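Structure record follows, encoded as structure tokens.
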Amino acid sequence: MEIEHFFTCPYCGEEISFVLDLSAGSQSYIEDCEVCCRPIEIHYEVEGDELSNFSADALDE
């Protein structure tokens with residue numbers, strides 16, 4: 001099951017969205033912001049078929 005999730009970039013403050021594949025379970029990965037191109041650490045947790053926790057954090061440079 002895929003869902004579109006909206007959040008604010010921790011660098012530029014723009015609202016962006018990612019498609020999350022909940023069927024793959026909880027995940028952590030790094031994705032570049034589609035607006036400012038800076039790396040964001042994405043982490044989300046899945047319980048059952050629902051998103052239970054989501055974070056999008058700036059990487060320490």
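Condition first: in a strand (DSSP E or B), farther than 20 Å from Pro10 by Cα and in contact (Cβ under 8 Å) with a residue 12 or more places away in the chain. Now tell me which residues in segment 23-48 satisfy that. Write out each step before concluding.
Quick first cut of segment 23-48, residues in a strand (DSSP E or B) only: 27-32, 39-47.
Going one step further and asking which of them are farther than 20 Å from Pro10 by Cα, we end up with 46-47.
Hit for segment 23-48 is Val46, nothing else.
Which residue pairs have Cβ atoms closer than 7 Å, lie 6 or more positions apart in sequence or on different chains, and pair a first residue in segment 50-61 that is farther than 17 Å from Glu15 by Cβ with a second residue that is among the charged types (D, E, K, R) and in a strand (DSSP E or B)?
As it stands, the answer is Ser52/Glu45; Asn53/Glu45; Leu59/Glu41, since those pairs meet every condition given.
Residues to consider are Leu20, Leu51; find the one that is out of contact with any Gly (no Cβ under 6 Å at 6 or more places or on another chain), part of a strand (DSSP E or B), surrounded by 13 or more Cβ atoms within 10 Å (Cβ to Cβ) and at pLDDT 95 or above. Full working, then the answer.
Values: Leu20 fails: at pLDDT 95 or above.
Going through Leu20, Leu51 in turn, the sole match is Leu51.
The values are calculated or read from the model by the stated rules, or taken from the named source; none is laboratory data. These numbers come from a predicted model, not from an experiment. Don't worry about glycine lacking a Cβ; one is built from the backbone with ideal geometry, like all the others, and counts go over all protein chains shown.
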